[in-house]
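Have a look at the structure below before the remarks.
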Amino acid sequence: MEYSSHQFDVIVVGAGIMGSSTAYQLAKRGQKTLLLEQFDFLHHRGSSHGESRTIRATYPEDYYCDMVKESSQIWEQVQSEIGYKVYFKAQQFDMSPSDNKSLLSIISSCEKKSIPYRVLDRQQVSDRFSGMINLPEDWFGVLTDAGGVIKPTKAVSMFQALAFQRGAVLRDNMEVKNVVKDEVKGGVNVETADGEKFWGKKCVITAGAWVRKLVKTVGGLELPIQALETTVCYWRIKEGHEANFAIGSDFPTFVSYGEPYVFGTPSLEFPGLIKISVNGGYPCDPDKRPWGPSGISLDSLKEWIKGRFSGLVDYGGPVATQSCMYSMTPDEDFVIDFLGGEFGKDVVIGGGFSGHGFKMAPVVGRVLADLVLSGEAKGVEMKYFRAQRFQDNPKGNVKGF
């Protein structure tokens, strides 16, 4: 087929980490690919910017374990293609009260998916981390080698650069207003706010916090995806102890289950600072964000830091913060599916990554490319990601924790 500059095999709408990973996969397979972004490339208005994201294979839901394993392999392969690192390995330490169902489910997942792990009691944790991490009397922890840190903005840039090298066309400041079925020659027409129109045999929508609005416009499908504005916090490590908390030392990426639900990474992006944040945020309209202080009380987080890190991290308050968005589904599972209706399998949706999808972007890109090209994806338990699940149960997938 003779291609014009506005005709493509696949058009990807949204150039955050999921769209960029998808465009890379498509271009690598020889597809004439267009990647569209409504703002500047590498902007800070969505969910794919910043300095660090955790990667961990320890999940209460065992269907994520294999996705993280495959993603880890692809992260390594892709960074070898580009020639610089975006993936820094570390141990992963999960902790909670002894009766916490999430951490007990993580142990079950590790067993089922053959992830080596160690269960540590309070004293063993203190011994293992030289007194840097303290647990309360009735807590325990799970330690694995399946952790690490991803550099997010650098990772998005990496996928975009490799897609471009393989022939993809990248266009930013192109807000997509609609995707319309082409009744004459098949495929779809993608229409932008400034009046440009692109034709594609297929389309993938990875619009992040804007996916709910766009999918409703395009297909009339109401996805229960709620944008949250969240704040990432950095805390100062006490002088003389910085090296002990740094990436490459023995210090792990970590999650603390219960209230508050806390996550963090070793010191990497800002020397002398460590990222420790509460998982969650406030509902927002992605087009009308407050962009101010989150209003979330940090009292419980300060107490958590005071109790866990032996006075080695200053818990008086964060010295730096960054704003980000989550795109939450009711069950916190992804939406990866065909739009259906008049589009059949010509339009695929990827969204609702619920604050924990970034680490799995390589496998999500692979799956979205598989779906849009062949109509099926192997190696992932797709039943958990169907859009239809919310019509069957508004709360989505049923979980026992």
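Protein heavy-atom accessible surface, 1.4 Å probe, per residue over the chain: 41 Å². Summarising the label geometry, the points placed 7 Å from Cα in the beta-carbon direction at residue 287 and residue 185 lie 3.1 nm from one another.
Looking at the chain alone, DSSP beta bridges between its own residues are antiparallel in about 70 percent of cases.
Kindly give the semi-axes, whole Å and largest first, of the ellipsoid equivalent to region 122-233, taking each as the square root of 5 times a Cα gyration tensor eigenvalue.
Details: eigenvalues 417, 76, 33 Å².
The answer is 46, 19, 13 Å, longest axis first.
Reported to the nearest whole Å, the Cα centre-to-centre distance from region 201-226 to region 120-186 is 21. Each residue of region 154-165 is assigned a 3J(HN,Hα), and the resulting list reads 4, 5, 4, 4, 4, 5, 5, 5, 5, 5, 4, 4 Hz, derived from the Karplus form 6.51 cos²θ - 1.76 cosθ + 1.60 (θ = phi - 60°), x at Gly and Pro.
Take the Cβ atoms of residue 154 and residue 300, set R0 to 41 Å, and the FRET efficiency comes out at 0.80. Residues in region 101-110 carry Karplus couplings, in order, of 5, 5, 6, 5, 5, 4, 4, 4, 4, 4 Hz; the curve used is 6.51 cos²θ - 1.76 cosθ + 1.60 with θ = phi - 60°, and Gly or Pro positions show x.
With n ≥ 4 as the cut-off for DSSP H runs, can you work out [θ] at 222 nm for the chain, using -39500 (n - 2.57) per run divided by the number of residues, rounded to the nearest 500?
-7500 deg cm²/dmol
Atom-type composition of the exposed protein surface of region 55-139 places 46 percent of the accessible area on carbon and sulfur (1.4 angstrom probe). Shown is the FRET efficiency for residue 401 and residue 213, computed with R0 = 25 Å from the Cβ-Cβ distance and rounded to the nearest 0.05: 0.20. Quick check: Cα centre of region 1-47 to Cα centre of region 305-347, how many Å? When both Cα centres are located, 23 Å separates them. Among the chymotrypsin sites (Phe, Trp or Tyr not before Pro) in region 277-326, those placed in a DSSP loop whose Cβ has at most 15 other Cβ atoms within 10 Å are 291.
Could you tell me the calculated FRET efficiency between residue 197 and residue 261, based on Cβ-Cβ distance and R0 = 35 angstrom, to the nearest 0.05?
Using R0 = 35 Å, I get an efficiency of 0.20.
The string of couplings for region 251-256 from the Karplus curve (6.51, -1.76, 1.60, θ = phi - 60°) is 6, x, 5, 8, 9, 10 Hz, one whole number per residue in order, with x for Gly and Pro. Spin-label model, residue 392 to residue 114: label points 7 Å out along the Cα-to-beta-carbon direction sit 2.9 nm apart.
Which trypsin sites (Lys or Arg not before Pro) from region 106-203 combine a DSSP loop assignment with at most 14 other Cβ atoms within 10 Å?
Values: sites: 112, 113, 118, 122, 128, 154, 166, 171, 177, 181, 185, 197, 201, 202; in loops: 113, 166, 185.
Answer in residue order: 185.
Hey, got a sec? Which GluC sites (Glu not before Pro) in region 312-401 land in a DSSP loop and have at most 10 other Cβ atoms within 10 Å? Kindly include the intermediate steps, with their values, before the conclusion.
Details: sites: 332, 342, 376, 381; in loops: 332, 376, 381.
Qualifying residues, ordered by number: 376.
Across region 260-401, counting alpha-carbon atoms alone, Rg and Dmax equal 19.1, 60 Å. Net charge of the neighbourhood of residue 181, taken over other residues with C-beta under 11 Å away and scored Lys/Arg +1, Asp/Glu -1, is -3. Amide H contacts under 5 Å for residue 338: 349, restricted to partners 5 or more places along the chain or on a different chain, H placed in the peptide plane at 1.01 Å from N. Can you pull the percent of region 190-254's accessible area that's carbon plus sulfur, 1.4 Å probe, other chains left in place? So the carbon and sulfur contribution to the accessible surface is 49 percent. Computed from Cα atoms alone, the Kirkwood hydrodynamic radius reported for the chain is 21.8 Å. Computed extension length for residue 41-residue 381: 119.3 nm, one decimal, from 0.36 nm per residue of separation with the Cα-Cα distance subtracted.
In percent, how large is the relative contact order of the chain, given Cα pairs closer than 8 Å and 6 or more residues apart? Please list the in-between numbers first.
Values: 889 pairs, mean separation 89.3, N = 401.
Worked out over the chain, it gives 22 percent.
The values are calculated or read from the model by the stated rules, or taken from the named source; none is laboratory data. From a predicted model like this one, the values you see are computed outputs, not experimental measurements. Note that each Cβ is placed from the backbone with ideal geometry, even for glycine, and that neighbours are counted across all protein chains shown. What goes into the accessible areas is simple: the full protein's heavy atoms, side chains included, and nothing from ligands, DNA or RNA. Shrake-Rupley method; radii C 1.70, N 1.55, O 1.52, S 1.80 Å.
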